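Written out below as structure tokens is the structure these notes cover.
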Amino acid sequence: MSDAEEQSYALLNGERNFLFPTRNFYIPEIDINLQKVSSLKDLFHLKALTRVIRAPIVKNIVAARVINLRSLESLRNARRSLEFVCYKDQDSGMFTIDPQHSIRVDLSYEIRELKKDTYYLEHGEDYFIDYIGQFYNDFERHVLNGIEFLDSLHFNCFITDRDGTTNNYCGHYRSSIQPIYNAVFLSRFASLCTQNPIFITSAPLKDFGIVDVSVNPENVFIYAASKGREFLDYNGEEHRAFIDPSKQERLSLLVRKIGQLEHIPEFEKFFYIGSGFQIKFGQLTLARQDVFNSIAEDESQEVLNTVGAIVRELDPEGDIFRMNDTGRDIEVVLTVDGQNDRRDFDKGDGLKYIDSCLNLHLDKGPHLVCGDTSSDVPMLEAVLTFSDDVYAIFVTRDPDLAQRVRRLCPHTLIVPTPDILLSILGLSALTIKKKPARKAPGLFL
Ligand SMILES: [Mg+2]
């Protein structure tokens, strides 16, 4: 450890607390030591520990304080523990599910994001932008285009999806803890450039939901989950849309019946891979494949057929549930009454519900909508029914989706990866011309 490092370490631990009062400095209560990671349970535990380490670092960066070197070492140890599984123990690079079953895992997301975080903390933001720029073609061109596209505007609503949009895809949702650089860039943009920043995800809110994988400082974002059917406002108050009690009862029964599949050996793995089993408000998800195609197609089809049979048994008329199969996830969603028939609840319905509770003044733009799949398009359509002053940035390499978004919204920018979107947002915030007062207790102000 260099003299300078030792000094900042001492300062941060309160030994000279007349310079840095520790009561205002966020220090995590744990350290991460090197550890053996041999099961998904071990992985989720280790990644949850990185959240405990990362969240105070984000708070300290936001408050322009120095980084605790012990925290930096903890994140290095988390990364080393995972690298050991991947690179040094290839033959046994399998995670055990139980004594009889194991599964091969790809930890590249976890290792890559921990590497980026430690680089960001060690070298600072300017060097970090150069660092991530090397990973993507035309990075600089995309980022400069994006900054020009946003034109230093201040947005009323910033409505964004998370996974695949602002967060790189991770093989296991529970392990997708938000990186530090990601939280700093997003929170800075949200605080300086937007009045109402809102995440709308299809993941659950709590119990391994969006709140448990995020490290943004409190009071910056509204977290809406289950496609917006439930959300946490700036003050930490939870809101839930009305669901007919008889429908809710049928959904609870469905949750119980599908949950029982975990005790059947051939179905147990679906509770651990990819999205796993997510109980949401008004819907549920069970994974049937992950991004690495770890599951044999016939086994994946078998679980799809089994869930389909349970849904038909509980809803023979097809009135209560809509079942969507994305190829990776089976989603079962409670229907809502559409104009002519019943349809599933989408993120546009979610946005309208949030607006009904918080009065977002959707008729007053400009708004910015960000997404990465067709399930994010309803958010854009919903905003456009209130105002034409709407900007969209979609993270996609799918030309059909890009064309669909462009047709809907003339102010559209398409970018290829979440890191490019994050860099555009994080750097745009540095060019903001004016800072109107914000409803939420702002940071960076
Ligand atoms: Mg997404």
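The values are calculated or read from the model by the stated rules, or taken from the named source; none is laboratory data. Note that the coordinates shown come from a computational prediction; the quantities given were computed from them, not determined experimentally. Using ideal geometry, Cβ is built from the backbone for each residue, glycine included, and neighbour counts are taken over all protein chains shown. Just the protein is used for accessible areas: all its heavy atoms, side chains included, with ligands, DNA and RNA removed. Shrake-Rupley method; radii C 1.70, N 1.55, O 1.52, S 1.80 Å.
The antiparallel fraction among DSSP beta bridges confined to the chain stands at about 55%. Taking amide H atoms as placed 1.01 Å from N in the peptide plane, the amide H of Thr194 lies under 5 Å from those of Phe155, each 5 or more residues away in sequence or on another chain.
Given charges of +1 on the Cβ of Lys and Arg and -1 on the Cβ of Asp and Glu, with all other atoms neutral, how large is the dipole of the stretch 164-252 about its Cα centre, in debye to the nearest 20?
Details: 8 positive and 9 negative charges, 57 e Å.
Its charge dipole is roughly 280 debye.
With +1 assigned to the C-beta of every Lys and Arg and -1 to the C-beta of every Asp and Glu, and no other charges, what is the dipole magnitude of the chain about the Cα centre in debye, to the nearest 20? Before the final figure, lay out each step's value.
On the way: 50 positive and 65 negative charges, 231 e Å.
It works out to roughly 1120 debye.
Using just its DSSP H runs of length 4 or more, each adding -39500 (n - 2.57), the chain gives a mean residue ellipticity at 222 nm of -12500 deg cm²/dmol after division by all residues. Residues whose amide H lies under 5 Å from that of Ile159, counting only those 5 or more places away or on a different chain, are Ile198, Leu368, Val369, Cys370; hydrogens are built 1.01 Å from N in the peptide plane. Taking amide H as placed 1.01 Å from N in the peptide plane, Gly171 has its amide H under 5 Å from the amide H of Tyr109, each at least 5 places away in sequence or on another chain.
Take each complete run of DSSP H in the chain, measure how far its Cα atoms stretch along the helix's own axis, and keep only those covering 30 Å or more with mean Kyte-Doolittle hydropathy at least 0.0; list them. Show your work: numbers first, answer last.
Working: long enough: 40-62 (32 Å, 0.63).
Helix filter hits for the chain: 40-62.
If a spin label sat at a point 7 angstrom from the Cα of Ser108 along the line to its beta carbon, the backbone N atoms of the stretch 261-297 nearer than 14 Å would be those of 291-294. For the chain, the carbon plus sulfur part of the accessible surface works out to 47%, probe radius 1.4 Å. Put simply, when 158-168, 264-274, 50-60 are sorted by average Cβ atoms within 10 angstrom per residue, most first, you get 158-168, 50-60, 264-274.
Need the full-extension length gain, Ser38 to Lys257, defined as separation in residues times 0.36 nm minus the C-alpha distance. One decimal, nm. Write out the running numbers ahead of the final one.
Working: separation 219, 0.36 × 219 = 78.84 nm, distance 2.97 nm.
That works out to 75.9 nm of additional length.
When you filter the trypsin sites (Lys or Arg not before Pro) in the stretch 379-418 for DSSP loop state and at most 13 other Cβ atoms inside 10 Å of their Cβ, you are left with Arg397. Among the trypsin sites (Lys or Arg not before Pro) in the stretch 164-237, none sits in a DSSP loop with a Cβ that has at most 12 other Cβ atoms within 10 Å.
When DSSP beta bridges are limited to those with both residues in the stretch 278-434, what percentage is antiparallel, rounded to the nearest 5?
Details: 15 of 24 bridges.
Antiparallel: roughly 60 percent of the beta bridges in the stretch 278-434.
Two numbers describe the Cα atoms of the chain: Rg and Dmax, which are 22.3, 73 Å.
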